[in-house]
Amino acid sequence: MKILLLVLAVALLGYAVYAVIPTYWCKWCSRMPVKTVAGDHRIVLSFDDGPDPRYTGRLLDLLRENGVHACFFLVAARAERHPALVDRMLAEGHQVALHSYEHQNAWCKTPGYVRRDFEKSLAVFEKHGWPLVFYRPPWGMINLANLYYCRRHSLRFTLWSVMAEDWSRHSTPQTICKKLENRVKSGAILCLHDAGGDAGAPENTLQALETALPALIQAGYTFQKLEEETL
Ligand SMILES: [Zn+2]
């Protein structure tokens, strides 16, 4: 019985060191991940989980109407299925970055899986000639292998400073808008979603941005790309 408990304790400790501690260290303690940008009233607008042909094109229309540039953290498997949307992002002055190949939770994945996920992702970006500098793991959850391969492939580990829970079915365009209004401040990196989340959630994001983008511009914020601030 004692041996069983010892084995269990060692396994739990190993798991904590492999996944739990690195994730919370990066989220709350480490200054290594990009979480904010410098400058008065400068902010970065970023979108995770796309592209999705139901929403991403409409989002690009909305950004163009407001003269705003954003950074899209792509799920590479989705980008592979909809490359024209990614080409359009780049053609219209947006930035593209990596959000994994399959959008799996790193807490449940082996180093071998993480290596393959990076390799498949990079192959997609290389095949299409899409520039790649920044990497944001799904849900911001990582393990030691994520950190290793991120560094090995010379990617900049990126998180965020403002979320508006736009992925939740409990959110409405009004609540998303209100959260953005209350939470955005100089230097913020906003993390929203043009795909994924609960069913239909990106529709709320689109509607919220119809109000929030003009309001942020009116409040004096300018939208920066990550590369302008951090390279
Ligand atoms: Zn995601």
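The values are calculated or read from the model by the stated rules, or taken from the named source; none is laboratory data. Computed from a predicted model, the values in this text were never measured in an experiment. Neighbour counts run over all protein chains shown; Cβ positions are idealised from the backbone, glycine included.
General observations
- Top-ranked residue in the range 134-168 [being in contact with a Ser or Thr (Cβ under 8 Å, 6 or more places away or on another chain), closer than 14 Å to Phe73 by Cα and not hydroxyl-bearing (Ser, Thr, Tyr); ranked as nearest to the ligand (Cβ to nearest atom)]: Pro138
- Residues (more than 16 Å from the ligand (Cβ to nearest atom) and within 21 Å of Tyr101 (Cβ to Cβ)) located in the range 35-53: Pro53
- Residue check for Arg31: within 25 Å of Val133 (Cα to Cα), away from the ligand (no atom under 16 Å from the Cβ) and basic (Lys, Arg): yes
- Criterion violated by Tyr15 - all others in (1) within 30 Å of Leu209 (Cβ to Cβ); (2) assigned to a helix (DSSP H, G or I); (3) out of contact with any helix residue (DSSP H, G or I) (no Cβ under 6 Å at 6 or more places or on another chain) satisfied: (1)
- The range 178-196, subset surrounded by fewer than 20 Cβ atoms within 10 Å (Cβ to Cβ) and of a type outside the set (Lys, Arg), residue farthest from the ligand (Cβ to nearest atom): Ser186
- Some residue of the range 30-49 being at pLDDT 95 or above and farther than 19 Å from Glu227 by Cα: yes
- There is at least one residue in the range 197-220 that is over 19 Å from Val75 (Cβ atoms), assigned to a loop (DSSP other than H, G, I, E, B) and over 13 Å from the mean Cα position of the chain (by Cα).
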